[in-house]
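These notes are about the structure you will find just below.
The values are calculated or read from the model by the stated rules, or taken from the named source; none is laboratory data. Given the structure is predicted, the values throughout are model-derived calculations rather than measurements. So basically every Cβ, Gly included, is an ideal-geometry build from the backbone, and we count neighbours across all protein chains shown.
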Amino acid sequence: MEILNTLNVPFYKFIADKSLTDKILHKVSNLSFLKSDRLPEQGFTFEDFYDDELFAFFDQSIKEVQSLYYHEHLTFEIVDCWVNKYSKLNKLHRHIHTNSIISGIFYCTTHTTEGTTIFEMENPWFYKNNVNTNLSIYKNYKPLSSEITAEAGTLILFPNSIPHTMKTLVNTTTSRYSIAFNTYPTGPISLNKTSKLEINVISVRDRVKGHQK
């Protein structure tokens, strides 16, 4: 039997300059992190992270993906951006990025065997309403799964609705730093002459620079 892996979901990978990656790693490693408000083992976070040069790189990457799927009159703003710090035995719960369209993960450090990001989707061969019932006809239920290695300077853009988690750091002696963000469009989202609906979002850039004034 031959397996044909069809209908793959495209993710998009971008690589930042080493000088920018080194600068950001130095910046995030000196932040004052807060303990995760979810579970004790789920690392540390820093909310509303912003850097002009890094956001310019993010914005250009987002525009490339936007050009494939979304109208040019919209601007996709980064509305949430946070830094994650994970150390030995830390792990990340399975989640999606709500209130987002294009989501991103930027890896500040490299972890080749641990700390990979695991993306999962429901397998259409399993009718999920039956999987956990007495009428289930299935065995060995497994979602569709793929892993992305954490490589310093790599940005991954993906659909916000894809559930993902992180492989637990078991043997590492160094912290894993990553930056995650969500985007949302700003501008007219209806071109109907009788329904000119428009969204104007507040971006991380707006919030951070507003607080600096």
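Given the conditions (1) closer than 21 Å to Asp59 by Cα; (2) surrounded by 10 or more Cβ atoms within 10 Å (Cβ to Cβ); (3) at pLDDT below 90; (4) not polar (S, T, N, Q), and given that Ile202 satisfies all but one, which numbered condition is not satisfied?
(3)
Condition check: touching a helix residue (DSSP H, G or I) at 6+ places or on another chain (Cβ under 7 Å), among the charged types (D, E, K, R) and at pLDDT below 95. Does Glu114 satisfy that?
Numbers: touching a helix residue (DSSP H, G or I) at 6+ places or on another chain (Cβ under 7 Å): no; among the charged types (D, E, K, R): yes; at pLDDT below 95: yes.
Considered against the rule, which asks whether it is touching a helix residue (DSSP H, G or I) at 6+ places or on another chain (Cβ under 7 Å), among the charged types (D, E, K, R) and at pLDDT below 95, Glu114 comes out as no.
For residues that are charged (D, E, K, R), without any contact (Cβ under 8 Å) to a residue 60 or more places away in the chain and either touching a Gly at 6+ places or on another chain (Cβ under 8 Å) or not in a loop (DSSP other than H, G, I, E, B) (or both), tally how many sit in the range 44-98.
Qualifying residue count, the range 44-98: 5.
Which of the residues that make up the range 157-194 are over 20 Å from Asp51 (Cα atoms), surrounded by 14 or more Cβ atoms within 10 Å (Cβ to Cβ) and under 12 Å from the mean Cα position of the chain (by Cα)?
Answer for the range 157-194, where residues must be over 20 Å from Asp51 (Cα atoms), surrounded by 14 or more Cβ atoms within 10 Å (Cβ to Cβ) and under 12 Å from the mean Cα position of the chain (by Cα): Phe158, Pro159, Asn160, Ile162, Pro163, His164, Thr165, Met166.
Would you check if there is a residue in the range 14-34 being assigned to a loop (DSSP other than H, G, I, E, B) and under 13 Å from the mean Cα position of the chain (by Cα)?
no
Please go through the range 1-36 and give me each residue that is touching a Gly at 6+ places or on another chain (Cβ under 7 Å) and either within 17 Å of Gly104 (Cβ to Cβ) or surrounded by 15 or more Cβ atoms within 10 Å (Cβ to Cβ) (or both), ordered by number.
So the first thing to find is which residues in the range 1-36 are touching a Gly at 6+ places or on another chain (Cβ under 7 Å), and the list is 15-16, 18, 21, 36.
Within the range 1-36, Ile15, Ala16, Thr21, Ser36 qualify.
Phe126 fails exactly one of the following numbered conditions: (1) touching a Lys or Arg at 6+ places or on another chain (Cβ under 8 Å); (2) outside any strand (DSSP E or B); (3) more than 24 Å from Asp48 (Cα to Cα); (4) not acidic (Asp, Glu). What is the number of that condition?
Failing condition for Phe126: (1).
Can you name the residue in the range 42-60 that is more than 15 Å from the chain's Cα centre (by Cα) and among the acidic types (Asp, Glu) and, of all such residues, is nearest to Ile15 (Cα to Cα)?
Looking at the filtered set, the residue picked out is Glu53.
For (1) closer than 26 Å to Leu144 by Cβ; (2) in contact with a strand residue (DSSP E or B) (Cβ under 8 Å, 6 or more places away or on another chain), each residue gets a yes or a no:
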position: Lys18; (1), (2): no, no
position: Ile24; (1), (2): no, yes
position: Ser32; (1), (2): no, yes
position: Thr45; (1), (2): no, yes
position: Phe55; (1), (2): no, yes
position: Leu68; (1), (2): yes, no
position: Asp80; (1), (2): no, yes
position: Val83; (1), (2): no, yes
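Spot the failing condition for Thr173; the list is (1) within 29 Å of Leu34 (Cα to Cα); (2) touching an Asp or Glu at 6+ places or on another chain (Cβ under 8 Å); (3) polar (S, T, N, Q), and only one is missed.
All conditions are met except number (2).
Quick one: is Ser145 out of contact with any helix residue (DSSP H, G or I) (no Cβ under 9 Å at 6 or more places or on another chain), without any contact (Cβ under 8 Å) to a residue 60 or more places away in the chain and within 30 Å of Trp125 (Cα to Cα)?
yes
Which residues, taken from the range 68-96, are acidic (Asp, Glu) and surrounded by fewer than 14 Cβ atoms within 10 Å (Cβ to Cβ)?
As a first pass, look at the range 68-96 and keep what is acidic (Asp, Glu): 72, 77, 80.
Passing the criteria: only Glu72.
Among the residues that make up the range 128-143, is at least one of them within 21 Å of the chain's Cα centre (by Cα), at pLDDT 90 or above and not β-branched (Val, Ile, Thr)? Walk me through how you get there before you give the answer.
Restricting attention to the range 128-143, the residues satisfying the condition of being within 21 Å of the chain's Cα centre (by Cα) are 143.
Still in the list and also at pLDDT 90 or above: none.
No - not one qualifying residue is present in the range 128-143.
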